[in-house]
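The values are calculated or read from the model by the stated rules, or taken from the named source; none is laboratory data. Source: prediction; values computed, not measured. Don't worry about glycine lacking a Cβ; one is built from the backbone with ideal geometry, like all the others, and counts go over all protein chains shown. Calculation scope for accessible area: heavy atoms of the full protein, side chains included, ligands and nucleic acids excluded. Shrake-Rupley method; radii C 1.70, N 1.55, O 1.52, S 1.80 Å.
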Amino acid sequence: MELGRVGPAGMLVLLLLLITAQAAPERDPYRVLGVGRSSSQADIKKAYKRLARQWHPDKNKDPGAEDKFIQISKAYEILSNEEKRANFDRYGDAGESQGYSQHQQRQFHHFHEGFYFDESFFHFPFNSERRDTSDEKYLLHFSHYINEIVPDSFKKPYLIKITSDWCFSCIHIEPVWKEVAQELEALGVGIGVVHAGYERRLAHHLGAHSTPSILGLMNGKITFFHSAVIRENLRQFVENLLPGNLVEKITDKNYIRFLSNWKKENKPHVLLFDHMPAVPLLYKLTAFAYRDYLSFGYVYVGLRGTEELSSQYNINVYTPTLMIFKEHIDKPADVAQARDMKKQLIDDFLSQNKFLMAARLTNQRLFQELCPVKKSHRQRKHCVVLLTGEGDKFADAYEAFLTFAVANTKDTLRFAHIYNDRQPEFADALLMDEEKYRGKSAVVILERRNNAGKIAFKTLEEPWQGSNEDNFILLDLLDQLRTDPGLLSSETVLADLNDELAPMFLIRWFYSTLDYILDCWDSLFHSNWREMMPLLSLLFSALFILFGTVIVQAFSDSSDTRDSPASEKKDTTAKTEKNDTSFSKESNSRVPKKGFVEVTELTDINYNSNLVRLRPGHMNVVLILSNSTKTALLQKFALEVYTFTGSSSLHFSFLSLDKHREWLEYLLEFAQDAAPIPNQYDKHFLERDYTGYVLALNGHKKYFCLFKPHRSGDEGVCEDYDSSSLHNEARGKPSCSPGSKSIKNKLHKLSFWMERLLEGSLQRFYIPSWPALD
């Protein structure tokens, strides 16, 4: 076909084919990730991670990095899903309503008579290229939100919109959102936009499961907006995020009390005089931002009952007025007036008046801000600190120091005072515990050298009394310090200050609990079921476990009650032993299930069931006794092990030494380590006394631990077992005979040995097989 004969329709076809061919590489997820069609999932994942690190917007400052990163993410989303990958391989499309790249998401094709048309040909309103781009400067990424937005939410509230492409409701609210966002941003509210299609992780983290969604962020806490999207509702929503006690309403009746609280709160107090009945939102936001430094009050000058206040401070009722009051409430320390109070004007005014003229150092943060670390010679700041006490005795010294501070205010000087009894470590480090300062005030000039607490300082040689002579001496030192920094000749390291104004633990716990209850209450009425599922699941799981435990315990107690009479009638001797071992004892974490210790004799009849075929994880604790020591040792044994009877993995038995000495000797040979094994023909062989020995036998794993009474009466543990003692016993020198100590003391501290047995810290002696018990 000759080019000259191609008509307009043919030219359009050729043009569309060229555009399609150029866009093909971008639309092909294999080419975007740089992998072949036969690549495995491991290769695709590896390529995605490499490209994601390279093109992540937080690391790559290229203007096209964000679009490239979106293409990579969408390509991986298709190829990592076998169904979508198969659809793309067959039809060249993943079968999604949204494409995998930003280019695809901005196109909507219609097929008509063999042609594909871009939606821009029809100028559809939801084309993202035609939409307003004002949201771009507010776009949030996950790392940016976590590292910057959440910490900043403790200084100002954030209003965040979650949106996505192909969201007609998002388009509907966009004009209102744009207007409100511009208005609130000028007042100091943070604005954010999250694109759910590109930032799914952040949208899921915020709990937004549909678009559009609007939420508020304050102090790291997320609150969803559930009203109609109009200007008044959004403003009221932001205002409701703020605490209700930020600004106090001031009248002629309470202004003296409000301004006099500077000493208790250790803060300057701010009054705003305005003719608006309600406190302006700008002022509330400012109060929240500076709440740690200033206390705020609002005077409605049009209200009856404020005439005296307005007259005393000569207020122009037609012009908004800001006043800062510090130590003196009869006269403001600074004043600002403007017909249109802007945020920048208020911030500049307050940032210069954040501290009292001679603030009291009540915590480490205030000390660091008042006395910053020296960064250079030009940024050198010196702090003049009055170390004094509370009460009328020190009032004159403080007033004289405050007068000196007001008269000598400079950018390079900061004045502060501290109570010695509330910050004793600070005072002792600077005064060196000298006797001449005891019970008196002192003045110290200091300079912080680093954040670790190192300072250089100089203390006035005489106590501070506030006399003219003291003022001249201090003024002369400060003049010398401007030219001679070496005047601060002493150095020390200060510990962090105590937080004097911190609330008590119970108060903090109460407020935390109250906040949690309010959050749950709000979630019950405003959260969707998907958000409530974790809480409901936790609640029902706890109830199921609680009621299940009660029911099982009830059945267990009833079966024990039914079985106990039969077991008591079974054997008269066993009944007597149980009665002897019943006692009242303070129990530990293993609460005994019965009021007695059930101890059975280990014989050839029950040997297999109680030891050889014992269930895995179970142990049999066996006491070695003789006929003559049986009663005394059983009583002491029951007392020592009673608190461990609550463990279902422990069984208790006793072994007669008179009947099974040979079996015991065989086991003890494996616990002798390198000690010589006694000759069985030794003349003292039959004189060895093993009564009081306790063996913890693990039948499944074929090992045992050994408790052996010592001469000193101390605890006998496996790893402390002295093999030489067996050698001594073999030579006729028993270590624990009835003649050397009472029989009951042989089991002294057996309970501590049992504790270590349950901890698994005892030495284990393994045997090849359990010997027969004849």
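Evaluate the range 179-196: report whether one residue or more is closer than 11 Å to residue 160 by Cα, assigned to a loop (DSSP other than H, G, I, E, B) and at pLDDT 90 or above. Steps first, please.
Taking the range 179-196 and keeping what is closer than 11 Å to residue 160 by Cα, we get 181, 189-195.
Within this subset, residues satisfying the condition of being assigned to a loop (DSSP other than H, G, I, E, B) are 189.
Pick out the ones that are also at pLDDT 90 or above and you get 189.
Within the range 179-196 (the criterion being closer than 11 Å to residue 160 by Cα, assigned to a loop (DSSP other than H, G, I, E, B) and at pLDDT 90 or above), the answer is yes, since at least one residue qualifies.
Give me the pairs, please: first residue somewhere in the range 45-70 and under 18 Å from residue 30 (Cα atoms) and touching a residue at least 24 places away in the same chain (Cβ under 8 Å), second residue anywhere and of a type in the set (Phe, Trp, Tyr) and not in a helix (DSSP H, G or I), beta-carbon distance under 8 Å, and either six or more positions apart or on two chains.
Note: pairs meeting the criteria are 70/198.
Would you confirm, using the coordinates I've provided, whether residue 413 is in contact with a His (Cβ under 7 Å, 6 or more places away or on another chain), surrounded by fewer than 21 Cβ atoms within 10 Å (Cβ to Cβ) and aliphatic (A, V, I, L, M)? Lay out the reasoning, then the answer.
Values: in contact with a His (Cβ under 7 Å, 6 or more places away or on another chain): yes; surrounded by fewer than 21 Cβ atoms within 10 Å (Cβ to Cβ): yes; aliphatic (A, V, I, L, M): yes.
The answer is yes for residue 413.
Would a scan of the range 673-695 turn up a residue that is among the β-branched types (Val, Ile, Thr), open to solvent by less than 10 Å² (accessible area, probe 1.4 Å) and either farther than 18 Å from residue 602 by Cβ or at pLDDT 85 or above (or both)?
Yes, the conditions are met somewhere in the range 673-695.
Where residues in the range 607-630 are part of a helix (DSSP H, G or I) and among the polar types (S, T, N, Q), which of them is surrounded by the most Cβ atoms within 10 Å (Cβ to Cβ)?
Here the answer is 610.
Residues that are modelled with pLDDT under 90 and aromatic (Phe, Trp, Tyr): find the strands (runs of 3 or more DSSP E) completely inside the range 380-449 holding 2 or more of those.
By residue number, no strands (runs of 3 or more DSSP E) qualify.
Any idea how many residues of the range 328-355 are part of a helix (DSSP H, G or I) and surrounded by 15 or more Cβ atoms within 10 Å (Cβ to Cβ)? So that I can check it myself, show each step before the final result.
Going residue by residue through the range 328-355, those that are part of a helix (DSSP H, G or I) are 343-351.
Now drop any that are not surrounded by 15 or more Cβ atoms within 10 Å (Cβ to Cβ), which leaves 343, 346, 349-350.
Residues flagged as part of a helix (DSSP H, G or I) and surrounded by 15 or more Cβ atoms within 10 Å (Cβ to Cβ) within the range 328-355 amount to 4.
Please go through the range 299-311 and pick out each residue that is assigned to a loop (DSSP other than H, G, I, E, B) and surrounded by fewer than 16 Cβ atoms within 10 Å (Cβ to Cβ).
302, 303, 304, 305 - these are the residues of the range 299-311 that are assigned to a loop (DSSP other than H, G, I, E, B) and surrounded by fewer than 16 Cβ atoms within 10 Å (Cβ to Cβ).
Kindly establish whether residue 296 is part of a loop (DSSP other than H, G, I, E, B), crowded, with 19+ Cβ neighbours inside 10 Å, at pLDDT 90 or above and touching a helix residue (DSSP H, G or I) at 6+ places or on another chain (Cβ under 7 Å). Break it down stepwise before answering.
Details: part of a loop (DSSP other than H, G, I, E, B): no; crowded, with 19+ Cβ neighbours inside 10 Å: yes; at pLDDT 90 or above: yes; touching a helix residue (DSSP H, G or I) at 6+ places or on another chain (Cβ under 7 Å): yes.
Spelling it out, it is not the case that residue 296 is part of a loop (DSSP other than H, G, I, E, B), crowded, with 19+ Cβ neighbours inside 10 Å, at pLDDT 90 or above and touching a helix residue (DSSP H, G or I) at 6+ places or on another chain (Cβ under 7 Å).
Of all residues in the range 450-491, which are polar (S, T, N, Q), touching a residue at least 12 places away in the same chain (Cβ under 8 Å) and open to solvent by 50 Å² or more (accessible area, probe 1.4 Å)? First the steps, then the outcome.
Of all residues in the range 450-491, those polar (S, T, N, Q) come to 450-451, 459, 465, 467-468, 471, 480, 483, 489-490.
This time we only want the ones that are touching a residue at least 12 places away in the same chain (Cβ under 8 Å), so: 450-451, 459, 465, 467, 471, 489-490.
If the condition is that a residue be polar (S, T, N, Q), touching a residue at least 12 places away in the same chain (Cβ under 8 Å) and open to solvent by 50 Å² or more (accessible area, probe 1.4 Å), then 450, 451, 465, 489 are the ones that fit.
Would you be able to tell me the number of residues in the range 427-436 that are open to solvent by 10 Å² or more (accessible area, probe 1.4 Å) and touching a residue at least 40 places away in the same chain (Cβ under 8 Å)? Full working, then the answer.
So in the range 427-436, the residues open to solvent by 10 Å² or more (accessible area, probe 1.4 Å) come out as 428-429, 431-436.
If we keep only those that are touching a residue at least 40 places away in the same chain (Cβ under 8 Å) as well, we get 429, 431.
Number of matching residues: 2.
Looking at the range 356-372, which of its residues are in a loop (DSSP other than H, G, I, E, B) and either among the charged types (D, E, K, R) or touching an Asp or Glu at 6+ places or on another chain (Cβ under 8 Å) (or both)?
356, 357, 358, 362, 363, 371
Being farther than 22 Å from residue 355 by Cα and among the hydroxyl-bearing types (Ser, Thr, Tyr) is the filter; apply it to the range 292-327 and report the residue that is farthest from the chain's Cα centre (by Cα).
Checked the range 292-327; the qualifying residue farthest from the chain's Cα centre (by Cα) is 311.
Suppose the filter is out of contact with any Leu (no Cβ under 8 Å at 6 or more places or on another chain) and either open to solvent by 20 Å² or more (accessible area, probe 1.4 Å) or within 16 Å of residue 152 (Cβ to Cβ) (or both); does residue 199 pass it? Show your work before the answer.
Details: out of contact with any Leu (no Cβ under 8 Å at 6 or more places or on another chain): no; either open to solvent by 20 Å² or more (accessible area, probe 1.4 Å) or within 16 Å of residue 152 (Cβ to Cβ) (or both): yes.
When the stated conditions are applied, residue 199 does not pass them.
In the range 551-560, how many are open to solvent by 90 Å² or more (accessible area, probe 1.4 Å) and at pLDDT below 80?
Qualifying residue count for the region: 3.
Which residue pairs have Cβ atoms under 9 Å apart, sit 6 or more places apart or on different chains, and have a first residue in the range 759-772 that is open to solvent by 70 Å² or more (accessible area, probe 1.4 Å) and a second that is in a helix (DSSP H, G or I)?
772/607; 772/663
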